[in-house]
Structures are given as C-alpha cells and as structure tokens.
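Beneath this line is the structure, given in structure tokens, with notes to follow.
The values are calculated or read from the model by the stated rules, or taken from the named source; none is laboratory data. No experiment lies behind these values; they were computed from the predicted model shown. Please note: Cβ atoms are built from the backbone with ideal geometry, for glycine as well, and neighbour counts cover all protein chains shown. The accessibility values were calculated without ligands, DNA or RNA, using every heavy atom of the protein model including side chains. Shrake-Rupley method; radii C 1.70, N 1.55, O 1.52, S 1.80 Å.
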Amino acid sequence: MDSLLFLCARRVVAQCPLPALPPHLYPALFQAAFLDGRFLVLQDLVATWPFPVLHFQRLLGHLELDFFHPRLKCVQAVIQGVVAHLQRELEEPSHNSSLRILNMSMLPESESCHTLTGMNLWCITDNLAKACVEMSEHLQEFQKRRSKHDKGCSRANTATAALQCPGVDIYADLRVSRCSYGILCNALQTGATGLLRIKCRKFQAEDISAFEIATLLESLDPSCLQRVELRFNKFGLAGLSVILPHLSRFPELCSLKMGHNNVDVHNLTPKTAMTIRCVAQQLGMLSSLRELNLGFSRLSGNLHQILCELQTPLESLELPFCDLLPADLAFLSQSIHAPALKRLDLSSNNISQGLLEPLRLLLEETSSSLLHLDLMECYMADSHLDALLPTLLRCSRLRFLGLRMNPLSMAALKDLLQKTLELPDLHQVVYPIPKDCYKRGSLGFLCNFATGEKLLSAASAEISQLLANSSRTDLIWTCIPVSCRAMDYFSLGFGKSSDAGKAQSQHHGKDLPPPY
C-alpha cells in the first residue's frame, strides 16, 4: 500500500511546472514522477536536484512498472535534466546546484518488464552517449561566444568559467554494438575531460572488432570498471590477444566473460600455441580477476594452457559448450581454483565421454565453497547421477543445482530430491523433464505429445507433494529455469561491491551524504 507521502507526491507531480518545494520531498516526487511517466517534471526535478547524488536503483528499485510503462522516455528525461542542469550552471556561474553524480549502474537486464530491471541497456547507452556529445558541443559554442564577447582575454575568462562548472559524473553500465560504436567512441573521447563524464562499471560489447573494443577500453576511466562481457564478436584467439593487454589498466576488474567469440584451441599449431601462451600471460596480469567465462570456446585438453598464469584463484568459472576432455577437469581439480570456486558451469560437456571420475574429484575439491553448480545437457544418465550423488551431498553450501536436459528418470529425480533435503542452503533445483514422460520415434521426434504432457504434469505434482511433505518450503524444484539468468557471480553476494560510493568520495576528496 502506498504511503500518504507518496500519494500526495503523485498529486503534486500532476502539475507542471512544480511549485517551490523543500529538498526532503524530492526523492518521493522523483519516484512519483517516474512511476506516472511525468517526463517534464522528471527533467525539472533533476535539473534542480538538491543533493550531490541521484542513485537510480536506490530510488526506484522497489517500484513495480506495468508492461506499457514508458521506461526509456523517463530515462531520457532524467538524462536531459542533467544536461539542462549543466547548461544552466555554465551559463550562470552564480547558480549553485548540488548534483555531481548520477548513478545509473546496477540495473541488470531482465526478461521481465514489470520492474525497473526491464530497461534496455542498448538504449540507455545510446542516450548517454548522445547527451555527452550534446554537452561537448554546447561547451564549444559557449567558448566561442565568450571569446567573441571578451575578445583579448577570452582564454582566461573561458577557462575560469569552465572551472566554475565542475560537471557531473554518470556511473552506468554500457552495452555497445555495431550501430552504437561510433557515437559511444565519440562520447568517451570528447567527454573524458568535459562536463558530462561517463564512468563505466560494466562494459558489454557485441558484434564489433577486437580493434574497436580495444579503442573503447582505452577511452574508459580505469578507476571503476569491474565487469567486461564480450559476446558474438568472432575475433578468435588472435583478437583475444589484442584485447587483453588493454584490460590490465583496470585495477578493479574482477569479471571477464568471453562467450561466442570463435576461440578454438583444440588443434594446436606452433602459431596457436604461442598465441595461447601470450593470452595466458595477459590473463595473469589481471590481479583482481575472480570470474571467468570461456563459453563456446573449443578448449579440448588445453584449459591448463589458458589458466596456468593466473596468480589468484577464480571464484566463478563458466565453461559451457567447451568440448572439455578428462585432462581439463583433472587439471582444474588440482589447481588453485578448485577450493575457491563458488560458481561452476560445465553445461553441455559430455559426461559420458570419460568426464565422470574427474568431475567427481573436482566436486570433492570444491565441496566446501561451491554455491552454484550447472550441469545442463551433460548427457547425464541415472548411473552417472548415482555415482555423483555422494559427492554432491558433501557440497554443504550448495544453493543452486541445474540438471535440465539430461536423460534422467523419475525414480532418479525422486531419489535426488529425498537425499538433497539434507543440504540446508539448497534453494533451487532445475530438473529435466523425466525420460519416463516421453518416447522418441525413429526420427528423434517426441511421440504422443498430449500423453507426455499428462505424464509431466503428474511428475511435477508428485515432486511438489514430496517437497510439501518434507516441510522444506524454502526449496524450489522446477523444470522451467525462469530465474537462472539472474544468478550470476555478483548476485551470489561474493562480487566486489558495485556501488560507486568509494569512487565518489575519492572524486570529491570527502565523504558524501547518503545518496538518494
């Protein structure tokens, strides 16, 4: 139920322009204006924001937005409010305004559009970049006008005016593709010393070249980047060796995801062996790295060559669709990473191809730390699960277990459920459709879909009843992995704090009041 203050705020923001209001009402007014899609009011509120920090997630994270809510237009209004604030501060040196930091980071993308997290990072990145370019052009126009007006002493006066306007830092997660590369590159290069400065916490790049990624990385502020995700860029091992040296300038970088990039090292040649050594050395330079994703890379016995130079243990390792061999898991079980792993994803590596025993040994080594284990589509049969189960039960801190798309029987799943009830922290199990629920014809297609649906419904009901009888109301068993995507290394609570508070305090040389 909405508070009386919030209900009143919704009535107030229905007016435009707003009346003069005390500072302590601004947070409630901002929430109400965002919820109701009051674009002009949002812009005015940001342009006159009375606090040093405006923190999106803290102000809006709890709001529930319907499917048709104009999220992007609201975000555009907020960004234009910052631009209006800076333009006024530049034109009117006597104007005092408090806003110095807009924190738009920590807005994870979601399939759901019912919360703030349903926002599109592509569009936010594009709008931020355009605002930076707009502000840079306005500053140039201002300097030209001042030069004409002040004539002989134009440089000194213009410099003084620029110093009187300290500008605004925007902390944000950036996502760039082929379409947005040009505008973002321009914004980062022109805005680095301008009045509107982008501070990137998470950088995602898709479908651009290794050289273009390197160019963008060189333009980012090195003080706050924590996460880099490079997907569908097809740059291969050679491109990886171009990008990695540019990552060593980011001391806070703790997560690196490099899936679907055509990295193939399963057939070694003298040239690829030398490139692998180069890549391994460059990874070893990332002293804060704790999460690594090499998904869809054909490693096939060469995992050791990739990870051998890392000096600190990884806490999250994702190796789906990597054609792993027993030697890869054997190396991992004996490495410095095994006792520290909290998240392990080995999806779509064939457990029936000699991986069972090295996987069991690896799970033994990770048993005291492992929180999240994903073994999706690993060709795991009942006999494999039965062999792994004693070791799984030793993973006393396990929170998530993913087994979907494995050919397991209902009897094996019931046995798994009964035995894993003793794992106190286990919260979610994503199980496969039991093989009892379907039969395959000669062409591999499912036969008698209607019958399979009934059998699956009965199996789900039986699992639900077993859970109800166990009194484990906190435990979720599902064959639909709705929330798996959100369960990354950071959401498990072991990533570095993604709040920009420390950087903000350093930026101003003093502690800031609590951000709104």
Next item on the list: Give the cross-link partners of K454 among the aspartates and glutamates, using a straight C-alpha distance below 18 Å as the criterion and excluding same-chain residues fewer than 8 apart.
Entry: D436, E462
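From the square roots a ≥ b ≥ c of the eigenvalues of the alpha-carbon gyration tensor of segment 178-253, which class results: rounded (a/c under 1.5), prolate (a/b over b/c), or oblate?
Details: a/c = 2.01, a/b = 1.35, b/c = 1.49.
It is oblate, given that a/c is not under 1.5 and a/b is not larger than b/c.
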Next item on the list: Give the shape of segment 1-81 as rounded, prolate or oblate, defined through the alpha-carbon gyration tensor: a ≥ b ≥ c are the square roots of its eigenvalues, a/c under 1.5 means rounded, and otherwise the shape is prolate if a/b is larger than b/c and oblate if not.
Entry: rounded
Item checked: Distance between modelled label sites at D386 and E252, nm, 7 Å Cα→Cβ extension -> 5.2 nm
Next item on the list: Specify whether the C-alpha gyration tensor of segment 165-209 places it in the rounded, prolate or oblate class, a ≥ b ≥ c being the square roots of the eigenvalues: rounded for a/c under 1.5, otherwise prolate if a/b is larger than b/c and oblate if not.
Entry: oblate
Notebook entry, point to check: In the neighborhood of I213, defined by Cβ-to-Cβ distances under 15 Å, what is the net charge if each Lys or Arg adds +1 and each Asp or Glu adds -1?
Noted result: +3
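So for each of 205-217, 379-391 I average, over its residues, the number of other beta carbons within 10 Å; can you give me the resulting order with the highest mean first?
Highest mean packing first, the order is 205-217, 379-391.
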Next item on the list: Leaving ligands, DNA and RNA out of it, report the carbon-plus-sulfur percent of the accessible area of segment 2-67 at a 1.4 Å probe.
Entry: 60 percent
Checklist line | Cβ-based net charge around L421, under 13 Å, with every Lys or Arg adding one and every Asp or Glu removing one | finding: -1
Next item on the list: Please list, in chain and number order, the residues 5+ apart from I170 or on another chain whose amide H is under 5 Å from its amide H, with Hs placed from the backbone.
Entry: L102, R197, I198, K199
Notebook entry, point to check: Quick one: net charge of H304's neighbours, Cβ under 13 Å, K/R +1, D/E -1?
Noted result: -1
Notebook entry, point to check: Going by average Cβ neighbours within 10 Å, how do the peptides 4-12, 300-308, 314-322, 37-45 rank, with the highest at the top?
Noted result: 314-322, 37-45, 300-308, 4-12
